[in-house]
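Novice: Let me give you the structure first, and then I'll get to my questions.
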Amino acid sequence: MSAATEVKTDRKYTKDHEWALSQGGEVLVGITAFAVDQLGDITLVNVDVKPGDQVQAKKAFGTVESVKTLSDLYCPVSGTIVRVNAELEQKPELLNEDPWGKGWMIAIAPSEPAGAELLDAAAYGTLLQSADH
């Protein structure tokens, strides 16, 4: 298994390759190693929300720009923005270096339990296998 197809079992996933990690009443959101691999070198992370903003599941909260493309970022859950990873503005390369940790993007206080439409690790792994072919 390559780093790009790595799937962490402690979080849920969207079909758009965002991850959601429930942690102490909030949900950390980032993009998967697969997404980072598809994007290539990330040059800019634009988060269009700030703490206190209401967000809705499946709605865009920002964009990621790479040498190859520009991609929208989608919220995996609805709720209120608690924190934004401001470090990504100065160091977008954190996404390439550590998409599972330091490359987190936003933290949301969910207005409802993490949605049933999110994929668990096994289902996301299956999605990646089908994407590879």
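Novice: What are the residues in the stretch 68-90 that are surrounded by fewer than 16 Cβ atoms within 10 Å (Cβ to Cβ) and in a loop (DSSP other than H, G, I, E, B), if any?
Specialist: Result: K68, T69, A86.
Novice: For residues in the stretch 91-124 being small (G, A, S) and assigned to a helix (DSSP H, G or I), which is nearest to K50 (Cα to Cα)?
Specialist: In this case the residue turns out to be A121.
Novice: If you check V64 against the conditions, is it part of a strand (DSSP E or B) and either free of Cβ contacts under 8 Å to residues at least 60 places away in the same chain or small (G, A, S) (or both)?
Specialist: For V64, the condition - part of a strand (DSSP E or B) and either free of Cβ contacts under 8 Å to residues at least 60 places away in the same chain or small (G, A, S) (or both) - is met.
Novice: Given the structure, is W19 touching a residue at least 24 places away in the same chain (Cβ under 8 Å), crowded, with 21+ Cβ neighbours inside 10 Å, within 21 Å of L127 (Cα to Cα) and out of contact with any Cys (no Cβ under 7 Å at 6 or more places or on another chain)?
Specialist: Answer is yes for this residue.
Novice: Working only within the stretch 26-53, note down all residues that are free of Cβ contacts under 8 Å to residues at least 40 places away in the same chain, surrounded by fewer than 16 Cβ atoms within 10 Å (Cβ to Cβ) and not charged (D, E, K, R).
Specialist: G40, N46, P51, G52
A quick yes/no check of all residues on (1) over 16 Å from L21 (Cα atoms); (2) among the hydrophobic types (A, V, I, L, M, F, W, C):
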site: A57; (1), (2): no, yes
site: T63; (1), (2): yes, no
site: D72; (1), (2): yes, no
site: T80; (1), (2): no, no
site: R83; (1), (2): no, no
site: E89; (1), (2): yes, no
site: D98; (1), (2): no, no
site: W104; (1), (2): no, yes
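Novice: Next question. Mind checking which residues of the stretch 101-114 are surrounded by 14 or more Cβ atoms within 10 Å (Cβ to Cβ), touching a Ser or Thr at 6+ places or on another chain (Cβ under 8 Å) and either more than 13 Å from L28 (Cβ to Cβ) or not aliphatic (A, V, I, L, M) (or both)?
Specialist: Hit for the stretch 101-114 is P110, nothing else.
Quick grid of which residues meet (1) closer than 21 Å to E97 by Cβ; (2) outside any strand (DSSP E or B); (3) in contact with a strand residue (DSSP E or B) (Cβ under 9 Å, 6 or more places away or on another chain); (4) at pLDDT 95 or above:
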residue: M1; (1), (2), (3), (4): yes, yes, no, no
residue: A4; (1), (2), (3), (4): yes, yes, no, no
residue: A20; (1), (2), (3), (4): yes, no, yes, yes
residue: D37; (1), (2), (3), (4): yes, yes, no, no
residue: L44; (1), (2), (3), (4): yes, no, yes, yes
residue: K50; (1), (2), (3), (4): no, yes, yes, yes
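The values are calculated or read from the model by the stated rules, or taken from the named source; none is laboratory data. From a predicted model like this one, the values you see are computed outputs, not experimental measurements. So basically every Cβ, Gly included, is an ideal-geometry build from the backbone, and we count neighbours across all protein chains shown.
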